[in-house]
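Enquirer: Handing you this structure, nothing more for now.
The values are calculated or read from the model by the stated rules, or taken from the named source; none is laboratory data. Only a predicted model underlies this, so the values are computations on that prediction, with no experimental measurement involved. Here the Cβ positions follow ideal geometry from the backbone for every residue, glycine too, while neighbour counts run over all protein chains shown.
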Amino acid sequence: MEQILQIFIEEAQDTLLQWESICLNMLKGQPSQSDLNALFRAAHNLKGSSRSVGLEDFGSFLHEVEDFISWLKATPTEAGAVAIRLLLDCQTLISEWTAQLDDGRNYQTNTHDIRDGIRRLMESSASPLINTRMQIKENAATAAFGFFDDDSGTMASAAVSPERNRELAPSMQSNKIIKDSSIRVSLNKIDSIIHIVNDLSVQLSMSLHELKNERNEKNLSALIGASNHLVYELQNRIVGMKMQSIGGLFQKLERSARETSDAEHKQISILCEGVETEIERQTLEKITDPCVHIIRNAVDHGIEPPGEREAAGKSAVGTIRLSARSEGEYVEIEIADDGRGLDFGRILKKGQDLGLLSMQSNPSHRELAELILQPGFSTASKVSQISGRGVGMDVVKTTIDSMSGELNINTNQQHGTSFVLRIPANLNVVSSLIVQCSNQLYAVPIRDIMEVVDLEKISIDESGHQKVAILNDEPVPIVGLETLLGNSEAHAPSVSNRMALVVGSFPKAALSVLTILDEARLVVNPLDGKLHRLEGVQGIAILPSGCICSVLDIKFLAMLHHSRSQSLQLITQRERV
Amino acid sequence: MIESNKKSQQPSASNEPELALFFRLDSYVFGTPLGKVREVIPVGACTRLPNTVPCFLGMMNIRGEAVGILDLRLRFGLPSQLGPKCLIIVFETDAGPFGSLVDEVVEVAEIAVQSDQRSSYVPIIPEDYVLQVTVRDEKPTTIIDLRRVLSSEELRALRTNAA
């Protein structure tokens, strides 16, 4: 039974996604009969399958929704924004309902408001089609949902009072289905993988044969080379199966933006670019909430009310552009609005009030923009339901940092703000440089390195106590990698370091190392429980030689250096005062 | 569920005599319940991780698996010393396999007699880790819970503060 339920949940989630996309589409123009037909089919399928797994309340709710859709089909004049919002609300409710089933919990839902909304809409219009099928059961409004009782194998309590629900909660927890998400994979993809595995086993048995009998080195190396190539191919394809297009995320973002703009009485249009860009499934899940937060902020703080926009000579309708593209091992996602832009004056004042900036300092626009990512920072003069509580942007930042991603903010007064997220598309297999520093080997992901420079061939400013390299007329501090790693054996200053890895855009730093030994594609294992999130280390990898090395998070290390030297500056400033 | 609860509360509740792996650390001999010992292996190269305490030797490659290794001498305040008979005892813990470096593995033996003299435990071992005191070669010998020494709470202390 559990398995059938699982299949039902997966299918329901697919159908609900479709439902959402049809509704969003209908909001853009006049709803067509074919849209309504598609919606009706979706509701009908859900109803049918829910009854087949014994979810009666679910089915009867959908039955009413179905009636509502057929009524809309018959009276297309009523199929306006109000009706579509109701349909979207239904979608949210059913999604929540399904999600709760997925967690194996008993779920008590309130369908009353939506039923009521539907009824009011249908009654307000003098339509002859309010038929006998439409039965609104007031007593069913607070009905809870049936769940499967693992011990008896029967359906238990269709209507549970809240008290009883609480009582049941602990027992449900122990019976909780262990959640394992699944994906659908096309048979063709599986066939291609089987094909490679077969080839691989042939290559391996040939290698073993060669090893036992002929021992011809040339043949052996050819065989091993071929196997190596197959493993690489296999790795790529299997990782590829976990990739998803970003379209689903954009759909979700569009929905959040519309909800926010409705609540704020703003008008927006949304443009999507690069919806087919692929990103790893778990990564996608992790960035969903941060992106929702950003887009809500964009609508709430960025986009101005229609009147203000027109006064500023802009179109009354604000535009939000969602775009995604692959860039090497990164995926870049941009959420841009054409609103009023960040108010630097207010940020500066707020930053000084909060003690994040000293009164004398003259921060750049970039540094000011970074300030909004600090915990507790909000310049919104009023706290709305959507944003302005100053919680959120710092969580966005932490989430993205934890994934070795980057968040950049570009803003232009009166022309809008854009948030650019750069996220590794895949966290497991990483092309890296193997570097030596003191007597240890470290791996550094190539995607994090902007440039590799030979310290003997560039001009270095050694006048201050911090060595500074001049790269493209820009000063970049040179930091010995070992000093950042707290390596107890390496307190000696790094005179012998010859190469430097230049890190990212902000803060920029050149991390000096003794030498670069090799380049390799490494399988990175994240550090588990005991050393989880060890600062500056993304994970560990086993090198071809069998040695273990740490895979460094050099962006974090550059940040660490930046904050250390900043606090040092603050201290010296204070001492002078 | 209930079974495992019983076991964790009363390790020697069953009738079967319990086996322990006895090992030497400096001049002391300790035992540890054999149950969760995965293997005993020779010392290999360890890779230190940045910003970790000295007693955490780092990660070692055991047949393609990266396993964290703890120097038990350093952990219990003895000076570090790598003798010819040094071995690594590998355990399964909640947070994956973990190894601890000891001076010598002595034997596997039954925990024969239980002694009530908990007071005779060796003071270098914090009392939290002591499971019981048994008698071995007519001397009181402390059975310690090495898995606990390696448990995640303890290992949180492994990292030094980077910032």
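Enquirer: Taking the range A:439-493 as the region of interest, how many residues are within 16 Å of residue A:549 (Cα to Cα), within 13 Å of chain B (Cβ to nearest Cβ) and at pLDDT 75 or above?
Expert: Qualifying residue count, the range A:439-493: 9.
Enquirer: Could I ask something else about it? Please indicate, with yes or no, whether at least one residue in the range A:245-260 is closer than 26 Å to residue A:271 by Cα, in a helix (DSSP H, G or I) and without any contact (Cβ under 8 Å) to a residue 12 or more places away in the chain.
Expert: yes
Enquirer: Restricting to the range B:100-116, count the residues that are within 20 Å of residue B:131 (Cβ to Cβ) and surrounded by 21 or more Cβ atoms within 10 Å (Cβ to Cβ).
Expert: 3
Enquirer: Report whether or not residue B:82 is more than 10 Å from chain A (Cβ to nearest Cβ), out of contact with any Pro (no Cβ under 9 Å at 6 or more places or on another chain), farther than 26 Å from residue A:527 by Cα and surrounded by fewer than 19 Cβ atoms within 10 Å (Cβ to Cβ).
Expert: Taking the combined requirement at face value, the residue satisfies it.
Enquirer: Tally up the residues in the range A:1-31 that are of a type in the set (S, T, N, Q) and modelled with pLDDT under 80, please.
Expert: Summing the residues that are of a type in the set (S, T, N, Q) and modelled with pLDDT under 80 in the range A:1-31 gives 3.
Enquirer: Kindly indicate whether residue A:224 is surrounded by 12 or more Cβ atoms within 10 Å (Cβ to Cβ), more than 24 Å from the chain's Cα centre (by Cα) and within 30 Å of residue A:11 (Cβ to Cβ).
Expert: No, not satisfied.
Enquirer: Something else: Within the range A:1-30, count every residue that is among the hydrophobic types (A, V, I, L, M, F, W, C), loosely packed, with under 15 Cβ neighbours inside 10 Å and in contact with a strand residue (DSSP E or B) (Cβ under 8 Å, 6 or more places away or on another chain).
Expert: Result for the range A:1-30: 1.
Enquirer: Among the numbered conditions (1) hydroxyl-bearing (Ser, Thr, Tyr); (2) surrounded by 13 or more Cβ atoms within 10 Å (Cβ to Cβ); (3) modelled with pLDDT under 85, tell me where residue A:319 comes up short.
Expert: With respect to (1) hydroxyl-bearing (Ser, Thr, Tyr); (2) surrounded by 13 or more Cβ atoms within 10 Å (Cβ to Cβ); (3) modelled with pLDDT under 85, residue A:319 is out only on (3).
Enquirer: I want to confirm something. Restricting to the range A:252-298 and keeping residues that are basic (Lys, Arg) and farther than 26 Å from residue A:308 by Cα, which single residue is farthest from the chain's Cα centre (by Cα)? Let's see the steps before the verdict.
Expert: Of the residues in the range A:252-298, the ones basic (Lys, Arg) are A:252, A:255, A:258, A:266, A:281, A:286, A:296.
Adding the requirement that they be farther than 26 Å from residue A:308 by Cα leaves A:252, A:281, A:286.
Working: A:252: 11, A:281: 9, A:286: 4 Å.
Looking at residues that are basic (Lys, Arg) and farther than 26 Å from residue A:308 by Cα, I get A:252.
Enquirer: If residue A:33 satisfies all but one of (1) in contact with a Pro (Cβ under 8 Å, 6 or more places away or on another chain); (2) buried (at least 17 other Cβ atoms within 10 Å of the Cβ), what's the number of the condition it fails?
Expert: Failed condition: (2).
Enquirer: Right, next: Determine, yes or no, whether residue A:418 is at pLDDT below 80 and of a type in the set (S, T, N, Q).
Expert: no
Enquirer: Let me ask another. Considering the range B:4-51 alone, what residues qualify as being at pLDDT below 90 and among the charged types (D, E, K, R)?
Expert: If the condition is that a residue be at pLDDT below 90 and among the charged types (D, E, K, R), then B:6, B:7, B:16, B:18, B:26, B:36, B:48 are the ones that fit.
Matching residues to (1) at pLDDT below 90; (2) assigned by TED's automatic domain parsing to the domain that holds residue A:403; (3) of a type in the set (A, V, I, L, M, F, W, C):
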site	(1), (2), (3)
A:286	yes, yes, no
A:302	yes, yes, no
A:324	no, yes, yes
A:330	yes, yes, no
A:342	yes, yes, yes
A:351	yes, yes, no
A:372	yes, yes, yes
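Enquirer: Scan the range A:57-76 and tell me whether some residue there is polar (S, T, N, Q) and either touching an Asp or Glu at 6+ places or on another chain (Cβ under 8 Å) or closer than 24 Å to residue A:254 by Cβ (or both).
Expert: The answer is no, given that none of the residues of the range A:57-76 is polar (S, T, N, Q) and either touching an Asp or Glu at 6+ places or on another chain (Cβ under 8 Å) or closer than 24 Å to residue A:254 by Cβ (or both).
Listed here are the residues, each with its yes/no results for (1) at pLDDT below 85; (2) within 13 Å of chain A (Cβ to nearest Cβ); (3) more than 16 Å from residue B:38 (Cα to Cα).
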position: B:55; (1), (2), (3): yes, yes, yes
position: B:63; (1), (2), (3): yes, yes, no
position: B:68; (1), (2), (3): no, yes, no
position: B:95; (1), (2), (3): yes, yes, no
